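Written below as structure tokens is the structure these notes are about.
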Amino acid sequence: QVQLVESGGGLVQAGDSLRLSCAASGRTFSSRPMGWFRQGPGKEREFVASISRNGGNINYADSVKGRFTISRDNAKNTVYLQMNSLKPEDTAVYYCAANRGLSGSSDSTSYDYWGQGTQVTVSS
């Protein structure tokens, strides 16, 4: 069992930065690829970024590439999402998730544990 708790969301202006954190409980965190997803108002949940178990393999959605950085600290059981140059279209609830497989994925169905989400609102 893995429990995930996101934090770090808030209201910012366009061009600002935020860092989201996702703290995981349980001893299996380091064996799990992790991902960040988001769901904007009236939109489907979409992939943002994923990171492999040791952090060596990282993938991003095209919409955030070059602006967002995913990282993890296995000693702290925490995964991060550094978000720079935020845009109004980044407004969403951001979720972290733990993958049931051996590698990160953009497919939300491959994740079996999800956090409750943290709201990010970017004003123009």
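Worth a mention:
- Positions within the stretch 1-17 being among the small types (Gly, Ala, Ser) and outside any strand (DSSP E or B), in sequence order: GLY8, GLY9, ALA14, GLY15, SER17
- Yes/no for VAL64 being touching a strand residue (DSSP E or B) at 6+ places or on another chain (Cβ under 8 Å), modelled with pLDDT of 95 or more and in a loop (DSSP other than H, G, I, E, B): yes
- Subset of the stretch 24-48 (residues that are surrounded by 21 or more Cβ atoms within 10 Å (Cβ to Cβ), of a type outside the set (Phe, Trp, Tyr) and in a strand (DSSP E or B)): ALA24, MET34, GLY35, ARG38, VAL48
- Unique residue being over 19 Å from GLY117 (Cβ atoms), surrounded by 13 or more Cβ atoms within 10 Å (Cβ to Cβ) and in contact (Cβ under 8 Å) with a residue 40 or more places away in the chain when the list is SER21, SER52, SER17: SER52
- Residues satisfying the stated conditions in the stretch 67-118, i.e. assigned to a loop (DSSP other than H, G, I, E, B), basic (Lys, Arg) and more than 19 Å from LYS43 (Cα to Cα): ARG67, LYS76, ARG100
- Cβ pairs under 9 Å, 6+ apart, first in the stretch 71-84 and closer than 15 Å to LEU4 by Cβ and of a type in the set (Ser, Thr, Tyr), second modelled with pLDDT of 95 or more and surrounded by fewer than 20 Cβ atoms within 10 Å (Cβ to Cβ): THR78/SER21; THR78/ALA23; TYR80/GLY8; TYR80/ARG19; TYR80/SER21; TYR80/THR69; TYR80/SER71; TYR80/ASP73
- Every residue from the stretch 85-105 that is of a type in the set (Gly, Ala, Ser) and touching a residue at least 60 places away in the same chain (Cβ under 8 Å): SER85, ALA97, ALA98, GLY101, SER103, GLY104, SER105
- Matching option when the condition is open to solvent by less than 70 Å² (accessible area, probe 1.4 Å), touching a Phe, Trp or Tyr at 6+ places or on another chain (Cβ under 7 Å) and among the aliphatic types (A, V, I, L, M), among ALA92, ALA97: ALA97
- Sole exception among (1) under 19 Å from GLY9 (Cα atoms); (2) modelled with pLDDT under 95; (3) not charged (D, E, K, R) for SER85, by number: (2)
- Scanning the stretch 100-116 for residues that are under 14 Å from the mean Cα position of the chain (by Cα), open to solvent by less than 60 Å² (accessible area, probe 1.4 Å) and over 14 Å from VAL79 (Cβ atoms) gives SER105, SER108.
The values are calculated or read from the model by the stated rules, or taken from the named source; none is laboratory data. Note that this is a predicted model, so its numbers are computed, not measured. Positions of Cβ are generated from backbone atoms using ideal geometry, with glycine treated the same way; all protein chains shown enter the neighbour counts. Each accessible area value is taken on the protein alone, full model and side chains, heavy atoms only, with ligands, DNA and RNA left out. Shrake-Rupley method; radii C 1.70, N 1.55, O 1.52, S 1.80 Å.
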